[in-house]
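A short worksheet on the structure shown next.
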Amino acid sequence: MREFERKQLVERIDRDGATVGVRIPDRVEVQGEEVELRDFVFEIKRRDTVPPGERDRVDRAKRNLRRERLERRRLIEEGKVSFEEGEQIADGVVGIDRALEALESLGAASVEREIEAQKAADTKRWMSFLKQALGKEDVSSRGL
């Protein structure tokens, strides 16, 4: 592989937005083991939250995917593969990145729900305090 081709592939996998429109691979070899990646990600994403027992499994999968990504990137950086092999490796890295993005976003929805619930609880406490402070008047009728 020529130097400019190697740089082109490395830039491709490191580019922001490289995963836009990319599908999660059906299968990928991670740390020498074949993984049904797409099924795993969709199985986990179907749930609103990740159960505590599954959290370790998801965290382990993310660690292994990150390791695999680094290993594949290193193969391209070292230029010990042909350009064609490098393109296939880069495609795999971008697919792994897409799966990692999906797995990383798992907690986001539950965090947002928790924030909303916290705001609602704060509002309820505040209204209760106002009712007490105003002598148990109906705060909503006073325009507060």
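Put +1 on the Cβ of every Lys and Arg and -1 on every Asp and Glu Cβ in the chain; which of 9, 120, 106 then has its Cα farthest towards the positive end of the dipole?
Highest projection toward the positive end goes to 120.
Hey, what number do you get for the chain at 222 nm if only DSSP H runs of n ≥ 4 count, each worth -39500 (n - 2.57), divided across all residues, to the nearest 500?
On the way: 5 runs with 98 residues, N = 144.
Here the helix-only value at 222 nm equals -23500 deg cm²/dmol.
Please report, in debye to the nearest 20, how large the charge dipole of the chain is about its Cα centre when each Lys and Arg carries +1 at its beta carbon and each Asp and Glu carries -1 there. Mind dumping the intermediate values first?
Numbers: 31 positive and 33 negative charges, 157 e Å.
Roughly 760 debye for the chain.
If you filter segment 1-106 for GluC sites (Glu not before Pro), then keep DSSP loop positions with at most 16 other Cβ within 10 Å, what is left? Write down the numbers at each step before the final one.
Numbers: sites: 3, 5, 11, 29, 33, 34, 36, 43, 54, 68, 71, 77, 78, 84, 85, 87, 101, 104; in loops: 36.
Hits after loop and neighbour filter: 36.
By its C-alpha gyration tensor, with a ≥ b ≥ c as the square roots of the eigenvalues, how is the chain shaped: rounded for a/c under 1.5, else prolate for a/b larger than b/c, else oblate?
Because a/c hits 1.5 or more and a/b exceeds b/c, the chain counts as prolate.
Arrange the following residues from fewest to most other Cβ atoms within 10 Å of their Cβ: 14, 97.
The fewest-first ordering by Cβ neighbours comes to 14, 97.
Taking a ≥ b ≥ c as the square roots of the Cα gyration tensor eigenvalues, with a/c under 1.5 meaning rounded and otherwise prolate when a/b beats b/c, else oblate, which class fits segment 1-40?
Working: a/c = 3.75, a/b = 1.65, b/c = 2.27.
Verdict is oblate for segment 1-40.
Give the order of 127, 1 when sorted by the count of other beta carbons within 10 angstrom, beginning with the fewest.
On the way: 127 13, 1 18.
Going from least to most buried by this count: 127, 1.
No value in this document is a laboratory result; all are computed from the given coordinates. Remember, predicted model here, so these are calculated numbers, not experimental data. All Cβ positions, even for glycine, are placed from backbone atoms using ideal geometry, and neighbour counts span all protein chains on display.
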